[in-house]
Amino acid sequence: MKITRRNFVKLAGIAGLVGLTDVFTGCGDKTTTTQIQQNTAEAERIPPNAKSKVYFSKKIDAEHLIKLYEKINSEITGKVAIKLHTGEPNGPNILSPAMVKKFQATIPDSAIVETNTLYNGARSTTKKHRRTLKINGWDFCYVDILDEEGDVPFPVSKGFHLSEVAVGSHLTRYDSMIVLTHFKGHSMGGYGGALKNIAMGCASAQLGKKQVHGLEDTGDWVFGATFMEYLADSGKAICDHFGNQIVFINVLQRLSVDCDCAGTGAAAPEMPDLGILASKDILAVEQASVDMIYNFPDDRKKSLIERIEKHSGLRQLTAMAEHQMGTTNYELITVE
């Protein structure tokens, strides 16, 4: 099958059916809303010194984005990569370029980084990708398309499936990384957060993304819990590479069930904006983001939770825990 964005979305739809049989293959996939609430209650009983700090602001603007970043940036030095999902042309739900522009201006020697897409579309080649970046307003600073000049292998230590993953070769130019993520639903991942942003977003278009989709291993696409394990493998390689010099910021805004790769076809959000979460711990910030959605007090969360569970998205969390990429125990600290 030719890999176009339309066929890519069709494959994602198939994942919903596969997910029904795959949901029991990975640890943690039986997690329900009740279990999420129990986990939250349990976390509240853990002493603060045994938890990772997750900073929160319910205000989504440049001022508070910068405030949260300043809580976690003590080890961000040298040349800094800001990893974004810059989206398909005119996507209605992407992060505000105006907000990111103000944020990026405070970070010396920084650049936005992206990779080209595996599917054939408006970001599948560097030339088309740069045109899309301009359309979407990402032309206020240098955007480094990491795989413009090929890729390099990053090792995966004790991966579920991968022993290495091909990332854009330019990634080795950077000393530190800020993972700035529009948290939302995703048609294959259930949700797209910080893990998805780096695991697929740093993988090269022509090899790395095939590896993360299981195509190099199996000759076919993998779905459900197995796909989440491939994401965790790739994400672990990125986190291990940067060590302490990587931080994670999730913006819970425009909470569509669809990824920004859906472009203008993305579903309108049903939930209200919730805020910004920031941490040095990828698992803690992802768990806090998921908890915030599951603990939302009314049924506007229903469609997003259904999307997450249909595709075994919670396996992302348990897979990262098994990879020792962080902790699900966190202290939520509100920043005014």
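Nothing in this text is a laboratory measurement; each read-out follows from the coordinates by a stated rule. In this text the structure is predicted, and so the values were computed from the model without any measurement. As a convention, Cβ positions derive from the backbone with ideal geometry for all residues, glycine included, and neighbour counts pool all protein chains shown.
Straight-line reach from residue 127: which aspartates and glutamates have a Cα under 12 Å away, not including same-chain ones fewer than 8 places off? Straight-distance partners of residue 127: 148.
Taking amide H as placed 1.01 Å from N in the peptide plane, the amide H of residue 192 sits under 5 Å from that of 184, 185, 186, each at least 5 places away or on another chain.
Listed from fewest to most Cβ neighbours within 10 Å, the set 82, 135 follows the order 135, 82.
Just tell me which aspartates and glutamates come within less than 15 Å, Cα to Cα, of residue 71; anything on the same chain fewer than 8 places away is out. In chain and number order, the partners are 63, 281, 331, 336. 3J(HN,Hα) couplings calculated from phi for segment 311-324 with the Karplus curve 6.51 cos²θ - 1.76 cosθ + 1.60 (θ = phi - 60°) are, in sequence order, 10, 6, x, 5, 5, 4, 5, 5, 5, 5, 4, 5, 7, 6 Hz; Gly and Pro show x. Per residue of the chain, the DSSP helices (runs of n ≥ 4 H) give a summed -39500 (n - 2.57) that works out to -10500 deg cm²/dmol at 222 nm.
For segment 205-336, the relative contact order is 27 percent, taking Cα pairs closer than 8 Å that sit 6 or more residues apart in sequence and dividing their mean separation by the residue count. Sequence-ordered 3J(HN,Hα) estimates for segment 95-102 from the Karplus curve with 6.51, -1.76 and 1.60 and θ = phi - 60° stand at 4, 5, x, 5, 5, 5, 4, 5 Hz, glycine and proline given as x.
When the convex hull of its Cα atoms is viewed from all sides, segment 5-334 shows a mean projected area of 14.5 nm². When only Cα pairs below 8 angstrom with a gap of at least 6 residues are kept, segment 5-334 shows a relative contact order of 27 percent. Distance check, please: which entries in 58/236; 59/102; 83/210; 184/209; 158/310 exceed 24 angstrom between their Cα atoms? Going by Cα-Cα distance, 58/236; 158/310 fall outside the 24 Å limit. The distance linking segment 189-219 with segment 127-145 is 21 Å (Cα centroid to Cα centroid, whole angstrom).
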